[in-house]
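So that we are looking at the same thing, I have put the structure below in structure tokens.
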Amino acid sequence: MEATLLPNPKDTNATILLMGLRRGGKSSICKVVFHNMQPLDTLYLESTSKPTTEQFSSLIDLSVMELPGQLNYFEPNYDSERLFSSIGALVYVIDSQDEYLNALTNLSMIIEFAYKVNPKINIEVLIHKIDGLSEDYRMDAQRDIMQRTGDELLDLGLEGVQVSFYLTSIFDHSIYEAFSRIVQKLIPELPSLENMLDNLVQHSSIDKVFLFDVNSKIYVATDSSPVDIQTYEVCAEFIDITIDLDDLYVENDGNGENKPRELRSVSHLSSGSILYLKQMIRGLALVALIKNEDSNDNKSIQSSASQDKTLTIIDYNINLFKKSLMRMWEHSRFVPVDGLNTEETLSIGKGITKNI
């Protein structure tokens, strides 16, 4: 990589480096996840011929750099050492529908170099294009790739390197789930965020809560309960529905000028549960699934008074969460990661009121 195209190691942005052999699906992933392109439209994308970098501002300032698969980054005219020392995560894409032995050899070579330059780097492997494989073959391919990668690293004396593997496709939510996990590792305040969201769930009638980046549908944090992919899909799609409906209505300040407003949406499901969305900061939205508290009949709808009471309490709690989130973000802008006072950060989530 030419020095002029590399990210500055002193940048505060968290940088994700997207690599893989040619035609592995890197450009399609970027377009679908970060530009909301329809998966079928990616069939017409041309192969990437030069490095590209894009910036996204969410809870953190995120850079995503895509490198063409046909370039040799270890040639003298590329500053590979500076490249790998300045990134937080290396994401390597493997085409599961193609012969992947060459890709694994290339991956091992890159890991060996990157880990020596930057031992703190996160190594993430996307076993991609699984939509064309049967369920059994997907698992066989994953086991084979994990085994071969482990053997290659063992031969190189890198048995201590941690590598994460994800089965992904742009035709379902698996690619968003994978990138959510990857981005979360780059957020130093993640434990504090999870603690605050656990408090919110504990003291409100909430089953599951996500903190989404609205544009990409990546969730930068969630509570500590397991993520159910169907719940995630419902919450992610609720964002699009809310934005589409919000665009139909415009408020003005009386002088004919449009007045910006905070996005909030509530949807009552036939099961009696409620979907709740509230705009946060920096393109983030909190989306929660609120459980049906009627224990006599899971399909009955709560009374209007009971729902109003529940939503009033949740509104209050989430407003406290938003204030804590703002304080956390302001704190992280001025305090280096190594100097972050964890106890101070954790304490700001303790003001959440208990549901009565």
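Just to make sure I understand: if all protein chains stay in place, what is the order of Lys129, Lys322 by accessible area at 1.4 Å, largest first?
Lys129, Lys322
Using per-residue counts of other Cβ atoms within 10 Å, averaged over each peptide, order 206-215, 56-65 from highest down.
Taking the mean over residues of other Cβ atoms within 10 Å, the ranking is 206-215, 56-65.
Then there's this: Note down the nm distance, to one decimal, between modelled labels 7 Å out along Cα→Cβ at Leu154 and at Arg282.
According to this spin-label approximation, the distance is 4.2 nm.
What share of Cα pairs, in percent, lie more than 17 angstrom apart in the stretch 39-138?
Tail of P(r) above 17 Å: 63 percent of Cα pairs.
Considering only protein heavy atoms and a probe of 1.4 Å, how much of the accessible area of the stretch 2-184 is carbon and sulfur, as a whole percent?
47 percent
So what does Phe238 come to for accessible area, using a 1.4 Å probe and Å² rounded to 10?
10 Å²
While we're on this one: Can you give me the solvent accessible area of Ser49 with a 1.4 Å probe, rounded to the nearest 10 Å²?
90 Å²
Once the piece of chain linking Ser225 and Tyr44 is laid out straight, how much longer is it, given 0.36 nm per residue of separation minus the C-alpha distance between them?
61.2 nm
Which residues in the stretch 149-192 have a backbone N closer than 15 Å to a point placed 7 Å from the Cα of Met139 along the Cα-to-Cβ line?
Within reach of a label on Met139, which here means backbone N under 15 Å from a point 7 Å along Cα→Cβ, the stretch 149-192 contributes 167.
So how do His128, His173, His268 rank on accessible area, 1.4 Å probe, biggest first, that is with the largest at the start?
The ranking, largest first, comes out as His268, His173, His128.
Do the alpha carbons of any pairs in Lys278/Lys323; Lys217/Lys309; Lys278/Lys309; Lys120/Lys323 sit beyond 20 Å of each other, and which pairs?
Lys217/Lys309; Lys120/Lys323, as the Cα separations exceed 20 Å there.
Applying the Karplus parametrisation 6.51 cos²θ - 1.76 cosθ + 1.60 with θ = phi - 60° to the phi angles of the stretch 220-229, what ³J(HN,Hα) value in whole Hz is obtained for each residue in order, glycine and proline being reported as x?
Once rounded to whole Hz, the list reads 7, 6, 8, 6, 7, 6, x, 8, 8, 4.
Would you mind getting the accessible area per residue of the stretch 2-184, heavy atoms of the protein chains only, 1.4 Å probe, in Å²?
49 Å²
May I ask for the Kirkwood hydrodynamic radius of the stretch 2-184, worked out over all distinct Cα pairs and given in angstroms to one decimal?
16.7 Å
The values are calculated or read from the model by the stated rules, or taken from the named source; none is laboratory data. Note that the structure is a prediction, hence the values are computed from the model and not measured. FYI the Cβ positions are ideal-geometry reconstructions off the backbone, even for glycines, and counts take in every protein chain you see. In case anyone asks, the SASA skips ligands and DNA or RNA and just uses the protein heavy atoms, side chains included. Shrake-Rupley method; radii C 1.70, N 1.55, O 1.52, S 1.80 Å.
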